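The values are calculated or read from the model by the stated rules, or taken from the named source; none is laboratory data. Everything numeric in this text was worked out from a predicted model, so none of it was measured. Surface accessibility is based on the protein's heavy atoms, side chains included, excluding ligands, DNA and RNA. Shrake-Rupley method; radii C 1.70, N 1.55, O 1.52, S 1.80 Å.
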Amino acid sequence: MEERLKKIKLLILDVDGVLTDGRIIFDSNGVESKFFNVKDGHGIKMLQRSGIEVGIISGRESQVVYNRAVELGIGQVYQKSLDKLVPYRQMLEATGLTDEQVAFMGDDVIDIPLLKRVGFAAAPVDAVQEVLPFAHFVAKNRGGWGAVRELCDLILKAQGTWESVTSRYYV
């Protein structure tokens, strides 16, 4: 597992059930809300500081996702992607990376083709059972409750950048 993690240069994330707990809330005016975990966001920022790019591929489309991506500095955001391999290929082309240099975290059957293709596949503990056999890593936390942070920390530690990225907090 560590050898796979050392090669990662791009982390791609699903949104609903990975960056969120999967709930979609609409108020009486039709305004959508999602719950994101601040620890996941901090893990993403630390990965970016270490030189690893982060992208999003989601099957749904939501302004809330665009807003969160902007806040986190995630430039490659693909929504309404029912075939996630299409934007994935575009991301590889844009970055010049290979499958082995990409990690992906997904939680549902729509994510299986991408999980099968990337160099490092991950899932939150509450992913649907059909996804788990395709994951190199299953987080202890649920989607939206720190699963992404676990993966970010795992990558940073495997690549030996954890200390340099977190040193500012121990001054």
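Pairs Lys7/Lys34; Lys9/Lys45; Lys84/Lys116; Lys6/Lys80: which exceed 23 Å Cα-Cα?
Lys7/Lys34; Lys6/Lys80
What does the helix-only formula give at 222 nm for the chain: each DSSP H stretch with n ≥ 4 adding -39500 (n - 2.57), the total divided by the residues, and the result rounded to the nearest 500 deg cm²/dmol?
-10000 deg cm²/dmol
Roughly how many Å² of Leu92 are accessible to a 1.4 Å probe, to the nearest 10?
Taking all protein chains as shown, Leu92 has close to 20 Å².
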